[in-house]
1. Over the chain, with a Gaussian network built from C-alpha contacts below 10 Å, which listed residue (MET72, MET106, MET91) shows the highest mean-square fluctuation?
2. Sequence gap at least 6, Cα distance under 8 Å: using those rules, report the relative contact order of the chain to the nearest whole percent.
3. Looking at (i) 2, 10, 21, 25, 24, 14, 4, 1, 0; (ii) 2, 8, 13, 14, 11, 10, 11, 11, 9, 6, 3, 2, 1, 0, 0; (iii) 2, 8, 14, 18, 18, 14, 10, 7, 5, 3, 1, 0, which value of P(r) over Cα pairs in 5 Å bins from 0, in percent comes from a calculation on the structure shown?
4. Hull surface divided by four, with the convex hull built on the Cα atoms of the stretch 13-68: how many nm²?
5. Per-residue ellipticity at 222 nm for the chain, helices alone: DSSP H runs ≥ 4 residues times -39500 (n - 2.57), over residue total, nearest 500 deg cm²/dmol?
6. If you count the DSSP beta bridges with both ends in the chain, what percent of them are antiparallel, to the nearest 5?
7. Based on Cβ point charges of +1 for Lys and Arg and -1 for Asp and Glu, what charge dipole magnitude is obtained for the stretch 91-142 about its Cα centre, in debye rounded to the nearest 20?
8. Could you give the dipole magnitude of the stretch 11-142 about its Cα centre, charging the beta-carbon of Lys and Arg +1 and that of Asp and Glu -1, in debye to the nearest 20?
Amino acid sequence: MSYLLPHLHSGWAVDQAILGEEDRVVVIRFGHDWDPQCMQMDEILASVADQIKNFAVIYLVDITKVPDFNTMYELYDPCTTMFFFRNKHIMIDLGTGNNNKISWAMSDKQEFIDIVEVIYRGARKGRGLVVSPKDYSTKYRY
């Protein structure tokens, strides 16, 4: 499903995407198009892209073709989703301890829409850290 979403092929393109968007949240999925976890996330992103187009824009970045951000954003997971608003990285408290990014593939469209909406509303108010509508600390129940 990654072919349905725009790809950014250089560090400069990523910077311009983040800098150029004034009114919407920039959602960037860092990973590989061939990775199964990224494929699942891409399917969610592609299916919600039309629903969130008024307040968010989605881009994909291949972390081997564009390694510029790997150390800066600690992109060690196979699939990482990050959020930016008006050239500022927006952190989200998911209950996992890592507030910088979502490092797993989402499985529910509405959950992802809710997260992006919460980020948009919080970022518009000037908040750099927003709290997720759902707590993911118990995502893996043993």
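Just so it is clear, none of the values below were taken in a lab; they were calculated from the coordinates. Here the structure is a predicted model, which means the values were calculated and not measured. Cβ placement follows ideal geometry from the backbone for every residue including glycine, while neighbour counts extend to all protein chains displayed.
1. Highest fluctuation among the options: MET72.
2. Once normalised by length, the contact order is 28 percent.
3. Label of the calculated value: (i).
4. The orientation-averaged projected area of the Cα hull of the stretch 13-68 comes to 4.0 nm².
5. Theoretical 222 nm ellipticity from helices: -8500 deg cm²/dmol.
6. The answer is about 45 percent antiparallel.
7. 140 debye
8. Here the stretch 11-142 has a charge dipole of around 500 debye.
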